[in-house]
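The values are calculated or read from the model by the stated rules, or taken from the named source; none is laboratory data. Since the model is a prediction, treat every value here as computed from it, not as a measurement. As a convention, Cβ positions derive from the backbone with ideal geometry for all residues, glycine included, and neighbour counts pool all protein chains shown.
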Amino acid sequence: MAAPGAAGGAFLKDVVAYVEVWSSSGTENYSKTFTNQLLDMGAKVSKTFNKQVTHVVFKDGYQSTWDKAQKMGAKLVSVLWVEKCRTAGARVEESLFPATNTNELLPCLMRRKRKCMQPKDFIPKTPENDKRLQRKFEKMTEELQKQKMTPDNDSSMYSPTTQISDHHSTMEKRLQDMKERRENLSPTSSQMTEQSHEKPGNPASACEATLNISPDILCSGATRKAAPEGSHEGFQDCVQPPEESKEGGKGQKPTRTLVMTSMSSEKQNIIIQVVDKLKGFSFAPEVCETTTHVLAGKTLRTLNILLGIARGCWVLSYEWVLLSLEMGHWISEEPFELFNHFPAAPVCRLERHLSPEQYRGTLFADQPMMFITPDSSPPRAKLCELVLLCGGQVSQVPRQASIVVGPYAGKKKATTKYLSEKWVLDSITQHKVCAFENYLLL
């Protein structure tokens, strides 16, 4: 058994889990991600199903595993149980998240076999790995030696010199050909194998990554530089759009985009695989006019979260993807909306839904002209974008503005409000213009 990790506490220290999580097609194994999460929560994870196993995390696994778990009385739970334990920081009631077994609905002959998507390398037959070919090779060698030892003038054998010479020549040529084949074990085959590994879109490991997505476009996250406490900065956002994502196999990119933020690389890979199967989205590194969904791995206020709110996008937890994976189709988003952390998200989303034209918020519509300073954090361009998306007005020079946002070293006017950037961020998050006095810069 693998040793439990200590990073996320040990509230599952009494759990011995066996993980069997597959895609609905039976070709992608998602077990590794949930295994790591269980270890982080202090559980032990068994590589084999033995008597010590207390929990089986199951999705589209083997019928034999399901039957054994029921016979042994192990708790059969879905992947949502693992995620709920992680977000709650405690062991939650297993009966709330039971596993389902689609195999029970299928006749025995129709139950899926799990196969790796990676093609097996072709191994050519040679005398070294094929006994029949080896015997034939030895027989030909022995025959050639006899031919060499037979005198040319032996009258007891009808073998004219020219005929023996021709036979020698033929045998030696055949042996030479076989020798060359042994030394160059099917170069064409090996080249094809190398090309199949180098071809963009082939996974590096068949059982770890079964999608046709090149490793260099998988989300690995880009770490932003550290920012002051309380700032939205310092978090990880996905930085690449997988261009291979197609809708319905028609070669056309979906018109709506999905953005991931504060997401670990393991979770990003799961989302990429689910989107590849369920279709309907392409990926974007930042929220833009085509973005409809922002998925958060953690409830941290990142730029993409704020832009998602300002544009009226769905701001959802990672659990939405997990349950969609369970159901085999995209499910209703509303139960997974992060409205407790970002109260403005559902308000702006409904406003966007009801807007007959391209959506633009009205949060700052009644505010005077603003000037964003060059040294602001988040960057000036992004802060300007947020203000404009929320209906505000931005001036390029401070003298025309009644509100200056960000650090300002110039001469200050008594009639102008000098506010920290947090005023803009908090106002967007709460969907109300916060009181100036709490954000004044001296």
Subject >> Filtered residues of the stretch 276-306 (kept if within 19 Å of the chain's Cα centre (by Cα), assigned to a helix (DSSP H, G or I) and under 20 Å from Tyr359 (Cα atoms)) >> reply: Asn304
Original post:
within 26 Å of Pro407 (Cα to Cα) and polar (S, T, N, Q) - does that describe any residue in the stretch 297-307?
Top reply: yes
**OP:** Can you tell me which residue among Gly221, Gly230, Gly251, Gly234 is at pLDDT 50 or above, on the phi > 0 side of the Ramachandran plot and either out of contact with any Gly (no Cβ under 9 Å at 6 or more places or on another chain) or not β-branched (Val, Ile, Thr) (or both)?
**Re:** Gly251
Original post:
Quick one: how many residues across the stretch 398-442 are over 18 Å from Pro379 (Cα atoms) and of a type in the set (Asp, Glu)?
Top reply: 1
**OP:** Provide a single number: the residues in the stretch 391-431 that are touching a residue at least 24 places away in the same chain (Cβ under 8 Å) and of a type in the set (D, E, K, R).
**Re:** 2
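Yes/no per residue for (1) small (Gly, Ala, Ser); (2) assigned by TED's automatic domain parsing to the domain that holds Arg301:
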{"site": "Glu337", "(1), (2)": "no, yes"}
{"site": "Leu350", "(1), (2)": "no, yes"}
{"site": "Asp375", "(1), (2)": "no, no"}
{"site": "Pro379", "(1), (2)": "no, no"}
{"site": "Ser395", "(1), (2)": "yes, no"}
{"site": "Lys412", "(1), (2)": "no, no"}
{"site": "Trp423", "(1), (2)": "no, no"}
Original post:
Of all residues in the stretch 251-271, which are more than 16 Å from Leu316 (Cα to Cα) and surrounded by 18 or more Cβ atoms within 10 Å (Cβ to Cβ)?
Top reply: Pro254, Asn269
**OP:** Go through the residues of the stretch 318-329 one by one and say whether even a single one is outside any loop (DSSP other than H, G, I, E, B), outside the structural domain of Asp60 (by TED's automatic domain parsing) and over 19 Å from the mean Cα position of the chain (by Cα).
**Re:** no
Subject >> Test set (1) buried (at least 16 other Cβ atoms within 10 Å of the Cβ); (2) of a type outside the set (D, E, K, R); (3) under 18 Å from Lys267 (Cβ atoms) - Pro398 fails condition number >> reply: (3)
Subject >> Of the criteria (1) of a type in the set (D, E, K, R); (2) within 42 Å of the chain's Cα centre (by Cα); (3) loosely packed, with under 14 Cβ neighbours inside 10 Å, which one Glu437 fails >> reply: (2)
